[in-house]
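One structure is given below, encoded as structure tokens.
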Amino acid sequence: MLTPHEIVEALDRYIVGQKEAKRAVAVALRNRYRRSLLEPALREEITPKNIIMMGPTGVGKTEIARRLAKLVDAPLVKVEATKFTEVGYVGRDVDSMVRDLVEASIRLCKDKRMAAVRLSAETAANERLIDLLVPGARKHTHAPVNPLQLLLGGSQQSEPAPTEEEQAQHRTKRETVAAQLYAGQLEEKIVEIEVEQANTGSDAMLAMGIDINLNEMMGGLLPKQKKRRRVSVKEARRILAQEEAEKLIDMDDVTREAIEKAEQDGIIFIDEIDKIAGGQHGSGPDVSREGVQRDILPIVEGCTVNTKYGPVKTDFILFIAAGAFHVSKVSDLIPELQGRFPIRVKLSALTEEDYRRILCQPEHAITKQYAALLETDNVALQFTEDALSAIAHYAHRANESSENIGARRLHTILETVLDDISFNASGEHPLVKVVVDENYVKEHLSDEFDGEDLDKFIL
């Protein structure tokens, strides 16, 4: 398990600034590990110290939670508080966040198990491909006969067994095809395979947020529907390997592991919690915001939620809430909910220097992403230092002059700056080096800013 210092260092690779928030989540994560080392009786008494992050949009609240979960391989689900409705209203109930977490945990555990059996599954898939490419030799089997024919004294017909020469030819052909298959010479050859069709709920149910698998409801009594598809050998191997991998793993064991992982290591990120704070600002037929808070409260306090995989306890799930809190305050939440979030972290607005660092410092920085995208079309994109400073300046200025959307502004500005380059790049020409400097940035942005026309940069 990583130490708090190591967690912060790992987060620094992807997120600029926000040291206080990184320290808070690092300590919360480390406390989980410390709790796991205690004796069971004491362990049950220690609950997670949930966190509220306060700060404007685009400063890294969601990214911190997402990177944290990926860092420790923990199931994470992000929900928006405004999407939930009070009990008694049509809409999404708060229990769904726990069900979503279990689904995320199952996917995580299943993917890990399937990765462990990948080589065995691919071997089995290749054997099935060879069977498809080289059908078996004639077998000594009896042809099906009408029972009435047997009663009337009819004779039963049988196919002759393959000769030794036919068997030898079949083995030779299989060996040849197998060698070609493993050498990658048959990747584009078309084969016909049978694939299972997924049984999903109706479109109306899905539109209401109800995901029902009828076959699961009936205990798998409905036969699995299959259809024949003509695909390339490469695609067939992927499909067949998936099927073989699912045969090799025990889904009951996966489910048990996933539920335990969701209960002990799960993270639920509740965004826009400030939008349901206080009930004095609204009127009319809107769903009570305080009512949604009171429905969320038992989940955060600790209760048992029934899912299709079994009951799930929420006592030890880590909850991270986030909101801008520019209109409401944390104190506008109901007192009971406030008490369940003892750690409160304020994220600061980004400075011009922060924008510049975001452009180039993180491991997968924005400029690196655009350079990699254009490289696929034989364009070698390079940003000069003065260009990065200019982009950061314009982003900071736009956020101050209009709605502050944080680092998301950089994507909007870069799309404008690189619009001509992206449109003209086609990959049809040899490698072309393109240098984006300060003058290039000003040329593509000065009109908007000189005229104070910032509509293009408002999302």
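Only the coordinates and a few stated rules stand behind these numbers; no lab work does. Please read all numbers here as calculations on a predicted model, not as lab measurements. Note that each Cβ is placed from the backbone with ideal geometry, even for glycine, and that neighbours are counted across all protein chains shown.
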Problem set entry | 3J(HN,Hα) from dihedral phi, region 74-82, Karplus parametrisation 6.51/-1.76/1.60, rounded to Hz, x for glycine, proline | 9, x, 10, 9, 9, 10, 10, 4, 6
Problem set entry | Dipole magnitude (debye, nearest 20) for region 352-457, charges at Cβ of Lys, Arg, Asp, Glu | 420 debye
Exercise. Once the Cβ-Cβ distance between residue 242 and residue 175 is put in as r, and R0 is 25 Å, what FRET efficiency do you end up with, to the nearest 0.05?
Worked result: 0.40
For this session: Could I have the simple spin-label model distance between residue 364 and residue 118, label points 7 Å from Cα toward Cβ, reported in nm to one decimal?
Result: 1.7 nm
Problem set entry | Low-density loop cleavage sites - chymotrypsin sites (Phe, Trp or Tyr not before Pro) in region 286-380, where at most 12 other Cβ are within 10 Å (DSSP) | none
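Can you compute the FRET efficiency between residue 34 and residue 412 using 1/(1 + (r/R0)^6), with r the Cβ-Cβ distance and R0 = 41 Å? Round to the nearest 0.05.
The formula returns an efficiency of 0.45 here.
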For this session: Taking amide H positions as placed in the peptide plane 1.01 Å from N, state which residues far from residue 52 in sequence (5 or more) or on other chains have amide H under 5 Å from it.
Result: 321, 343, 344, 345
Seminar exercise, completed: Quick calc of log₁₀ I(q)/I(0), region 352-457, Debye, one scatterer on every Cα, no solvent, q values 0.14, 0.16 1/Å, result -0.53, -0.68
Problem set entry | Over 28 Å (Cα to Cα) - which of 83/247; 61/261; 234/308; 49/261 fall in this group | 83/247; 234/308
Exercise. Setting aside same-chain residues fewer than 8 positions from residue 227, which aspartates and glutamates have a Cα under 14 Å from its Cα?
Worked result: 192, 194, 196
